[in-house]
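A short reminder: the numbers here are calculations on the coordinates, not readings from a lab. Since the model is a prediction, treat every value here as computed from it, not as a measurement. Backbone-built Cβ (ideal geometry, glycine too); neighbour counts: all protein chains shown.
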Amino acid sequence: MKIIVFISELESELQDQWLTSIKKQLINETILLPHQVSESQVKSIDIAIVANPKPKDLDKYPNLVWIQSLWAGVEQLISAVLKKPIKLVRLVDPQLGQTMAESVLAWTLYLQRNMPEYARQQAGKQWKQLPCISSKELRVSVLGAGALSLASLNALSKLEYQLSCWSRTPKQLNGIKSYSDFNGLQAMLRKTDILINLLPLTPQTHHLLDKELLSELPKGSKLINFSRGAVIDTKALLELLDIGHLSHAVLDVFEQEPLASSDPIWSNPKITVLPHISAPTNMHTASEVVANNIRTYREHDVIPKSVDIKVGY
Ligand code: NAP
């Protein structure tokens, strides 16, 4: 009989909640924690469900066929499958797209309607009306055109922003200008008032937004980073905020998480700090997605679409 192992670095209460939620969806499967797997069972494990595991913890299972991550971002797991015939499947859940779209809309409106400035003005008891720019006048560009970007663009389109996106492969999207390649990125940035980063972290996107590229954004433009901290060169971002080239950044993700209490980013008035909350995984819907993936594999021998290790996402 085949067995599934659940490997996580979650605290035990949360791990138990996940296990209960997934087991409820997969009543015919045996799902064990690593310490529950006996020597004789190790070879029967063909699927691992994982949340932040240490990549080396996956080495113990010689017959592993695929790994199902409970998170959408899997850059830390690439090394676990490198040069091995193991497929890595990340979480693709429409509910996650909806959650990210809500965050993108909320923080785009936050920047559009000058909320950081009004919070500062209130602290200084300052009564001053700032220009109100309508969504139709605002150029909002999204880095990425994947699951979370498309859900976000769809939500933004309801407010009729001037929308663009940038991806590795060009897209045909109704009412959204699609850019690809480096020249396309430069061209898009030059026509952007609010830039939203939803790119996965890969060797190609690491520090992609460096000083040179961030400087292509028009003076006074704003940035939202909701994917991974290291896609942006933080030092360059801080410099451009400092000289006023960029006017504000909403950062949900950082090169080092959690952000150290001594980090000056906490008190930078031009930065809104969020603790990696733009799109938390929904345990209920994610368990359904994972269960469906596993059922499809058991019944039809089909592994869900997996990460392309060569491109890193
Ligand atoms: P996805 O479906 O894999 O989409 C990735 C997009 O990025 C695709 O459009 C892809 O282009 C584009 N891309 C990748 N590498 C590129 C490159 N070198 N140049 C240009 N475009 C590139 O990923 P997703 O589900 O939308 O998730 C995106 C990221 O969000 C995850 O990787 C994770 O890091 C982050 N995330 C954050 C949170 C949070 O709470 N902060 C929650 C969930 C996920 P193609 O379309 O051409 O392939």
Proximal aspartates and glutamates to residue 56, defined as alpha-carbon separation beneath 16 angstrom and excluding residues fewer than eight positions away on the same chain
9, 75
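As an exercise, identify the trypsin sites (Lys or Arg not before Pro) in the stretch 14-109 lying in DSSP coil whose Cβ has no more than 15 other Cβ atoms within 10 Å.
Values: sites: 23, 24, 43, 56, 60, 83, 87, 90; in loops: 83, 90.
Passing both the DSSP loop test and the Cβ count: 83.
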Quick one: P(r) of the chain from all Cα-Cα pairs, 10 Å bins, percents rounded to integers, in order of increasing distance.
5, 25, 30, 21, 13, 4, 1, 0
Output the 0 to 90 degree angle, nearest 10, between the alpha-carbon long axis of helix 181-190 and the longest principal axis computed from the alpha carbons of the chain.
40
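Per-residue ellipticity at 222 nm for the chain, helices alone: DSSP H runs ≥ 4 residues times -39500 (n - 2.57), over residue total, nearest 500 deg cm²/dmol? Please report the intermediate quantities before stating the final value.
Working: 9 runs with 98 residues, N = 313.
Result for the chain, helices only: -9500 deg cm²/dmol.
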Cross-link reach list, lysines versus residue 60, counting only Cα pairs under 20 Å and skipping chain neighbours closer than eight places
2, 43, 83, 84, 87
The stretch 94-273: spread of alpha-carbon positions along the three principal axes, whole Å, largest first, is 48, 34, 32
Cα axis of helix 283-300 to longest principal axis of the chain: angle in degrees, 0 to 90, nearest 10?
50
Quick check: the distance between the Cα centres of the stretch 250-281 and the stretch 30-73, to the nearest angstrom?
32
What's the local net charge at residue 303, with K and R +1, D and E -1, over the other residues with C-beta under 15 Å away?
+3
